[in-house]
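Data first, discussion second: the structure below is written as structure tokens.
The values are calculated or read from the model by the stated rules, or taken from the named source; none is laboratory data. Just so it is clear, the model here is predicted, and its values are computed rather than measured. Positions of Cβ are generated from backbone atoms using ideal geometry, with glycine treated the same way; all protein chains shown enter the neighbour counts. Note: areas computed on protein heavy atoms with side chains; ligands, DNA, RNA excluded. Shrake-Rupley method; radii C 1.70, N 1.55, O 1.52, S 1.80 Å.
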Amino acid sequence: MSEEPSEKAETKEETETETETKAKAKAKAKAKASASTKAKSEGKKPKKAKETGKEEPSKEAEPAQPLSDQPSPPKSRNEEILDSLLAKYSLPESLVVQLKDKTAGLDLTADQLSRIVEETNSAYIKALIEPGEAAGTVAAQSVGEPGTQMTLRTFHYAGVRELNVTLGLPRLIEIVDARRTPSTPTMTLYLDEEHRVSLEKAKEVVARIERIAVENIAKSIEYDMINSSFIVEIDAEVAEDKCLDLDFIAKSIEKLKVGKVSVEGNSIIISPETTAPEKIKRLRERILDLRLKGIKGIKRVVIQKEDNEYVLYTDGSNLAQVLGVKGIDTTRIYTNNISEIAEVLGIEAARNAIIREAFQVLDQQGLDVDIRHVILVADLMTSTGKIRQIGRHGVSGEKSSVLARAAFEVTVKHLLDAAAHGEEDALEGVTENVIVGQPVPLGTGIVELFMRFSKDGS
Amino acid sequence: MGKFDLLDHELVPQFRIMAKEEIEQLRKSLGVRKEDLPWMLKSDPVSKAIGAKPGDVVEIVRKSPVAGRSVAYRYVVPG
């Protein structure tokens with residue numbers, strides 16, 4: 001490669017300096033100064049020296065340089081110019097990063113860079129959604145159409161994971177309907193530094209959260225008619241595995257206050273006060289369901305190793321309680337129960353969870369839906385500060401227009417109610433105007449004459 | 001182990017209560033009333049954590065998969 005382009009660039013740069021803004025000139029002067037010193041020291045390679053700039057870490061940089069400069073990620077010359085150019089535009093961060101990435105290491109003049117930025121900006125402005133665009137309809141179609149291709153079955157994870165999680169269309173419906181509890185609640189628990197590396201430590205955490213009821217460690221439970229008492233035979237091996245001893249179990253059962261409790265060998269004998277068969281039956285259930293340790297709702301915990309750390313997957317979810325357990329990384333704790341997230345971590349976290357869950361479902365089915373459509377759905381669901389479902393009892397059911405509501409579901413009820421209450425319809429939305437046969441407020445139809453009566457527009 | 005702070009959680013973005021002047025500026029630039037912004041309840045865990053009261057506007061800096069970083073606003077309402 002000849003050195004000509006580089007030279008040309010340099011002369012161009014020089015003539016430009018006068019017309020440029022102060023900030024740019026300053027940045028460039030700095031860069032040039034370093035470039036020239038480098039050119040001197042490295043002799044034949046002026047281009048390379050300039051390209052690497054003064055701070056860009058490269059093999060060729062002198063050993064003294066990294067010491068003299070600030071230790072934080074060094075800025076290349078291009079980056080500096082870009083920064084001063086970008087201040088004028090409000091480009092999203094991801095574009096800025098891309099711009100910097102693509103221009104890094106390229107030998108570009110300030111003029112070329114500024115044209116790149118301008119071009120990027122105009123492309124960005126073009127790509128922005130226009131006022132009046134039916135973004136919601138597009139989102140609905142974009143999520144709805146792939147939805148028709150989803151499988152209806154919930155499939156089981158093969159082998160190790162052993163947990164069965166609802167997927168596909170049923171799960172998507174669950175998310176959009178904002179059900180209080182998902183049909184298969186599950187949590188993903190990451191562990192803190194101390195517990196994430198060893199299986200033993202991970203098991204300790206499991207012991208803390210897995211709910212153990214009497215039925216999990218009982219070999220058998222019988223009702224002795226003659227002595228009118230229950231005999232619960234405990235599986236000693238299992239009990240030991242779960243770190244439970246008989247006395248503790250007996251004491252726990254005693255707290256139920258159903259009668260005398262005594263330990264006999266491997267069995268616990270409970271003598272209830274009543275003998276009524278109905279009550280005995282119910283009592284049996286209560287004893288079996290008694291929680292001995294662990295957290296309510298966490299039925300089972302599976303340990304899995306994921307890139308050098310142990311991660312726990314649970315069957316059942318109880319975010320508020322699990323947060324208090326020692327050994328859990330509380331910054332990454334996750335549950336698929338979105339309403340729990342809203343309760344404990346707030347509406348913004350719930351919004352993120354909706355996006356994550358819905359996108360994951362679509363992704364797992366191999367459907368390539370742009371995440372922005374999913375984001376719009378999540379934004380709409382969380383816009384009132386509470387999770388609203390998309391449907392009769394939420395977004396669609398709370399529309400202000402009678403006709404729009406009537407067009408959705410339960411037509412007669414809405415029309416009847418509206419008539420009874422003397423409701424009016426301002427015909428502001430799309431649906432109403434389609435019904436009455438007027439141009440809809442969409443696209444070019446959205447423009448209207450608008451008058452402000454007070455100066456501040458309130 | 002330190003106490004659990006929900007603001008540290010990966011699902012929770014950054015929150016900041018905006019000053020009066022900032023709200024006015026925002027209102028002008030967006031051309032909407034405060035109430036037209038998305039809402040956040042006063043009883044929301046985040047409202048409690050940052051001490052937001054009804055009438056406040058919070059600025060939310062989200063990590064966006066598309067834009068890298070995006071700024072959103074919520075109006076705090078009673079409830």
*Could you please give the count of residues in the stretch A:313-342 that are under 10 Å from A:M187 (Cα atoms) and either of a type in the set (S, T, N, Q) or more than 18 Å from the chain's Cα centre (by Cα) (or both)?*
9
_Odd one out for A:V302, checked against (1) open to solvent by less than 40 Å² (accessible area, probe 1.4 Å); (2) part of a loop (DSSP other than H, G, I, E, B)_ = (2)
*Taking the stretch A:310-327 on its own, how many of its residues are open to solvent by 30 Å² or more (accessible area, probe 1.4 Å) and either over 23 Å from B:P45 (Cβ atoms) or assigned to a strand (DSSP E or B) (or both)?*
2
_For the stretch B:22-29, check the following and say yes or no: at least one residue is hydrophobic (A, V, I, L, M, F, W, C), free of Cβ contacts under 8 Å to residues at least 60 places away in the same chain, at the interface with chain A (Cβ under 7 Å from one of its Cβ atoms) and surrounded by fewer than 19 Cβ atoms within 10 Å (Cβ to Cβ)._
no
*Within the stretch B:46-55, can one find any residue that is under 19 Å from A:R351 (Cα atoms), facing chain A (nearest Cβ under 9 Å), surrounded by 17 or more Cβ atoms within 10 Å (Cβ to Cβ) and out of contact with any strand residue (DSSP E or B) (no Cβ under 7 Å at 6 or more places or on another chain)?*
no
*With the condition kept exactly as written, say whether any residue in the stretch A:312-326 is within 8 Å of chain B (Cβ to nearest Cβ) and touching a residue at least 24 places away in the same chain (Cβ under 8 Å).*
yes
*State all residues of the stretch B:62-74 that are more than 9 Å from chain A (Cβ to nearest Cβ) and either modelled with pLDDT of 95 or more or crowded, with 17+ Cβ neighbours inside 10 Å (or both); if no residue qualifies, say none.*
B:Y73
*asked:* The conditions are (1) open to solvent by 70 Å² or more (accessible area, probe 1.4 Å); (2) touching a Phe, Trp or Tyr at 6+ places or on another chain (Cβ under 8 Å), and A:T444 fails exactly one of them. Which is it?
replied: (2)
*State the number of residues belonging to the stretch A:232-250 that are assigned to a strand (DSSP E or B) and more than 14 Å from A:G265 (Cα to Cα).*
0
*What number goes with the only condition from (1) open to solvent by less than 100 Å² (accessible area, probe 1.4 Å); (2) within 40 Å of the chain's Cα centre (by Cα); (3) within 14 Å of another protein chain (Cβ to nearest Cβ) that A:S454 does not pass?*
(2)
*Condition test on A:S183, is it without any contact (Cβ under 8 Å) to a residue 60 or more places away in the chain, in contact with a Ser or Thr (Cβ under 7 Å, 6 or more places away or on another chain), among the small types (G, A, S) and surrounded by fewer than 16 Cβ atoms within 10 Å (Cβ to Cβ)?*
yes
*Take A:Y334 and decide whether it is within 14 Å of chain B (Cβ to nearest Cβ), in contact (Cβ under 8 Å) with a residue 24 or more places away in the chain and among the aromatic types (F, W, Y).*
yes
_Please pick out the residue among A:I375, A:I354, A:I341, A:I287 that is buried (at least 17 other Cβ atoms within 10 Å of the Cβ), part of a helix (DSSP H, G or I) and not assigned by TED's automatic domain parsing to the domain that holds A:T137._
A:I287
*Among the residues of the stretch A:402-425, write down those that are of a type in the set (G, A, S), farther than 22 Å from A:A135 by Cα and open to solvent by 50 Å² or more (accessible area, probe 1.4 Å).*
A:A419, A:A420, A:G422
